[in-house]
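What follows is one structure encoded as C-alpha cells, with my remarks underneath.
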Amino acid sequence: MERRVVITACSAITPIGHGKAQIVESLLKGVSGIKPLREDQLVSRFIHSKVYGTVDYPIDYDFKRQYRKTMGPVAYYACQVAKEVLEQSGLPQDFITSGNMGVAFGSIHGSPTVQRDIYKVFFEAKDKAAYQSIGAVDYLKSMVHTTAVNITKMFGITGRVISSGTACTTSSQSIGYGYEAVKYGLQEAMLCGGADEYDTITVAVFDNLLACSTAFNSEPSRTPRPFDKLRDGLVVAEGAGAVMLEEYEHAKKRGAQILAEVIGFACNNNGGDLILPNLDGITKTLKLGLQNAKINASDVDLVSAHATATKMGDIIEAQAISAAFGDNPYVIALKSYLGHTMAACGAIETILPIYMMQDGFIAPTLNLEEIDERCAMIKHVQKVLQEPVKTVAVQNFAFGGVNTILLIRKFS
Amino acid sequence: MTRQEIESEVKKIFLREFEVENPEMDLDLREAYAFDSIDAIELLLGIEKFLGSELTQEEKKQAMDIRTINQICDYVEKLVATRKDAPGVN
C-alpha cells in the first residue's frame, strides 16, 4: 500500500527570521543572518572563524514549568516550531494524542550548552556535593533525542518516535522517514523536523578541519559564498524547522490546507570515507530520489543544494546535479543566507522552497558574485526570479557519508 | 527543628525548584501541580541540601510513595530525628 503524503503545516526559526513573513522578506531583500561569533569564555578565542548564523531576536516562549524542566535551548527551538506547526495544521487534540500521529525530530547532539555544564562539574568537582549538582534532568535536556521526546511530552503525542542524529542530514532524514511512515500506512501523520542551538564546539570541529570560513570575519554577511570563486568554507548556524506530514485522504477529509506534497525520498551512504564528499555516492542518491518519486530529471525545476561553500563540496555537488538533472533546474544555496543550521538544515531548506512555491519566486544564492568555473555547469540563480516553482529537490549530505534527497511538489 | 520550620523549608524548595507558591498541604501533588518522578528526585536533592547530609538509598526509596506536602513534612521529620547534626537538632 502506497499512500500520498502532503504537508499541511510548516514553521521555521532561522537566522533570517521566524515564520514565513520575516523569512520571505529577508530572502527577497537579500538579508544575511550571519553575525560575529560570540565570546564563549571557552574555545571561541582559539577558533579562526569568527562568524556564526545567529538567531539574535527574542522568541516569545510560553512553556509551563513541567515542560521547561527537561528542556535545554535546543528543545525550546524544537517545541516552539512544533507548537506552531500543530496550531497551523488544525489537527484536533484527540487525533494528536491518538497514537496515529508520531514525531520524527532530531539534533546533532542534544543540548551542547547543558553538556558543557555537566562536563564542567565533572572536571572541576572537588567533592561529592559538586558531583551531586548534576540534576536529574540534565540527561533529559542533553540526550540526542531530547527534541523529539520533549515534543511528545508537551503535546501528548503517543505514536512512533524517530530521532535520527546524522549531523547535517538529521532533519532531511526526519522528513524522509516520516514520509515513509505515512506513505506505507504506519501512521496517519508525522510531525517532522530538526533543531540545533548556538554552539561554538561545532564551529571548533569544522574549524580544525579547515572547513570554516575565515576570510570574511570582518564582513560576516559576505560569507558563506556557495559556488562563488571566493568561497572559503562553511559558517555554522542555529535554528529549527518543522513540517506536518499527513496522509492525503486524511487531510482532504478534514478540509486541511495543503501546502505541498512529498513525492519522494532517498538516502544512501558513500560506503567509505566519513568526511570527504563523494561524487558517485551523491549522484546515486539524486537518481534514487527521482526513481522513488517516479519522475524524470526534467520534471525538477528547482534544486535546493546542500552547498555549504566548502572548496571541494560545492564542486562535487555541482557535478552530481549536472549528472543527475542536467542543466534544466535552477539551483539555489540557502545556506548563503542562513549559514549551516546543522540538524535543522534539511527541514529549513524544505520549508523555504515551499514559501517560494506559494509566492511564485526563486530566491537567489546570496554572495554568488563570480561563479567558480568548476561549478558553472548548472543553472545558478543570482537575482530574484518571479517564476512558478512546481517540483523541488532538497539535497543534504552529512559527515559519515550519509546522503539524502527529498522531492517536494506543489500540490494540485 | 520544629514541624513549622520543616514546613517552611519544604515550601521554600517548592517555590525555588518547582515555581509553586504556598502549596496546599493535603492535595495530591501530581494532580494539583504536575509533580512527577523527575521532581521527586530534585526534591530529594533539595532536602539533602537543607539537612546538610546525604540520604541513603533506602531513605530515598521510602520517599517514592509520598503524595502530599504533609507527607513530605512527615518524611523530613523522621530524617531529622535520625540525624544528630541536622539543622535545629541539639
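Restricting attention to segment A:367-381, report how many residues are in a helix (DSSP H, G or I) and open to solvent by less than 60 Å² (accessible area, probe 1.4 Å). Talk me through it step by step, then tell me what you get.
First, pick out the residues of segment A:367-381 that are in a helix (DSSP H, G or I): A:373-375.
Still in the list and also open to solvent by less than 60 Å² (accessible area, probe 1.4 Å): A:375.
The number of residues fulfilling the criteria is 1.
The conditions are (1) part of a loop (DSSP other than H, G, I, E, B); (2) within 14 Å of chain B (Cβ to nearest Cβ), and A:PRO58 fails exactly one of them. Which is it?
A:PRO58 satisfies all of (1) part of a loop (DSSP other than H, G, I, E, B); (2) within 14 Å of chain B (Cβ to nearest Cβ) except (2).
Can you tell me which of (1) in contact (Cβ under 8 Å) with a residue 12 or more places away in the chain; (2) more than 18 Å from the chain's Cα centre (by Cα) is the one A:VAL235 doesn't meet?
For A:VAL235, the failing item is (2).
Taking segment A:289-308 only, how many residues are assigned to a helix (DSSP H, G or I) and buried (at least 17 other Cβ atoms within 10 Å of the Cβ)?
5
Could you grab me the full set of residues in segment A:33-60 that are open to solvent by 40 Å² or more (accessible area, probe 1.4 Å) and within 21 Å of the chain's Cα centre (by Cα)? First the steps, then the outcome.
Filtering segment A:33-60 for residues open to solvent by 40 Å² or more (accessible area, probe 1.4 Å) gives A:35-36, A:38-39, A:41-42, A:45-46, A:48, A:50, A:56-58, A:60.
Correct list: A:LYS35, A:ASP56, A:TYR57, A:PRO58.
From B:GLU31, B:GLU48, grab the single residue that is within 14 Å of chain A (Cβ to nearest Cβ), assigned to a helix (DSSP H, G or I), closer than 24 Å to A:LYS69 by Cβ and open to solvent by 90 Å² or more (accessible area, probe 1.4 Å). Working first, answer last.
Values: B:GLU48 fails: open to solvent by 90 Å² or more (accessible area, probe 1.4 Å).
Going through B:GLU31, B:GLU48 in turn, the sole match is B:GLU31.
Could you list, in sequence order, the residues of segment A:389-399 that are open to solvent by less than 20 Å² (accessible area, probe 1.4 Å) and not β-branched (Val, Ile, Thr)? Steps first, please.
Pass one, segment A:389-399, residues open to solvent by less than 20 Å² (accessible area, probe 1.4 Å): A:389, A:391-396, A:398.
Once the filter is applied, which keeps residues that are open to solvent by less than 20 Å² (accessible area, probe 1.4 Å) and not β-branched (Val, Ile, Thr), segment A:389-399 yields A:ALA393, A:GLN395, A:ASN396, A:ALA398.
Any residue at all in segment A:146-159 that's of a type outside the set (Val, Ile, Thr), out of contact with any Ser or Thr (no Cβ under 9 Å at 6 or more places or on another chain) and buried (at least 20 other Cβ atoms within 10 Å of the Cβ)? Please lay out each step first, then the result.
Pass one, segment A:146-159, residues of a type outside the set (Val, Ile, Thr): A:148, A:150, A:153-156, A:159.
From what's left, out of contact with any Ser or Thr (no Cβ under 9 Å at 6 or more places or on another chain): A:154.
Still in the running and buried (at least 20 other Cβ atoms within 10 Å of the Cβ): A:154.
Yes, segment A:146-159 contains a residue that is of a type outside the set (Val, Ile, Thr), out of contact with any Ser or Thr (no Cβ under 9 Å at 6 or more places or on another chain) and buried (at least 20 other Cβ atoms within 10 Å of the Cβ).
From B:ILE38, B:ILE6, grab the single residue that is of a type outside the set (Gly, Ala, Ser) and within 11 Å of the chain's Cα centre (by Cα).
The unique qualifying residue is B:ILE6.
Taking only pairs six or more apart or across chains, which ones have beta-carbon atoms under 6 Å, a first residue in segment A:192-205 that is hydroxyl-bearing (Ser, Thr, Tyr), and a second residue that is surrounded by fewer than 22 Cβ atoms within 10 Å (Cβ to Cβ)?
Listed pairs, sorted by first residue: A:THR200/A:ASP40; A:THR200/A:VAL43; A:THR200/A:SER44.
Which helices (runs of 4 or more DSSP H) sit wholly inside segment A:61-119 and have at least 2 residues that are free of Cβ contacts under 8 Å to residues at least 12 places away in the same chain and within 14 Å of chain B (Cβ to nearest Cβ)? Write out each step before concluding.
Details: elements: A:65-68, A:73-89, A:93-96.
Here the list reads A:65-68.
Among all residue pairs at least 6 apart or on different chains, which show Cβ distances below 7 Å where the first residue, located in segment A:247-258, is within 11 Å of A:ALA9 (Cα to Cα) and the second is in a helix (DSSP H, G or I)?
A:ALA256/A:SER89; A:ILE258/A:ALA251
Kindly indicate whether A:GLN386 is open to solvent by 30 Å² or more (accessible area, probe 1.4 Å) and without any contact (Cβ under 8 Å) to a residue 40 or more places away in the chain. Quick ask: steps written out before the conclusion?
Working: open to solvent by 30 Å² or more (accessible area, probe 1.4 Å): yes; without any contact (Cβ under 8 Å) to a residue 40 or more places away in the chain: yes.
The answer is yes for A:GLN386.
Being among the aliphatic types (A, V, I, L, M) and over 23 Å from A:ALA344 (Cβ atoms) is the filter here; which residues of segment A:368-412 pass it? Give the steps one after another, and end with the answer.
Within segment A:368-412, the first condition is being among the aliphatic types (A, V, I, L, M), and the residues that meet it are A:368, A:371, A:376-378, A:381, A:384-385, A:389, A:392-394, A:398, A:402, A:405-408.
Hits for segment A:368-412 are A:ILE371, A:ALA376, A:MET377, A:ILE378, A:VAL384, A:LEU385.
Looking at A:THR113, A:THR147, which one is of a type in the set (S, T, N, Q), within 17 Å of the chain's Cα centre (by Cα) and closer than 28 Å to A:CYS345 by Cα?
Working: A:THR113 fails: within 17 Å of the chain's Cα centre (by Cα).
Of A:THR113, A:THR147, the one residue that is of a type in the set (S, T, N, Q), within 17 Å of the chain's Cα centre (by Cα) and closer than 28 Å to A:CYS345 by Cα is A:THR147.
Whether any residue in segment B:56-79 is within 12 Å of chain A (Cβ to nearest Cβ), open to solvent by less than 80 Å² (accessible area, probe 1.4 Å) and assigned to a helix (DSSP H, G or I) is what I want to check.
Taking segment B:56-79 and keeping what is within 12 Å of chain A (Cβ to nearest Cβ), we get B:60.
Going one step further and asking which of them are open to solvent by less than 80 Å² (accessible area, probe 1.4 Å), we end up with B:60.
With the extra rule that they be assigned to a helix (DSSP H, G or I), the set shrinks to B:60.
Scanning segment B:56-79 turns up at least one residue that is within 12 Å of chain A (Cβ to nearest Cβ), open to solvent by less than 80 Å² (accessible area, probe 1.4 Å) and assigned to a helix (DSSP H, G or I).
The values are calculated or read from the model by the stated rules, or taken from the named source; none is laboratory data. Computed from a predicted structure; not experimentally measured. Don't worry about glycine lacking a Cβ; one is built from the backbone with ideal geometry, like all the others, and counts go over all protein chains shown. Keep in mind that these areas ignore ligands, DNA and RNA; they rest on the heavy atoms of the full protein, side chains included. Shrake-Rupley method; radii C 1.70, N 1.55, O 1.52, S 1.80 Å.
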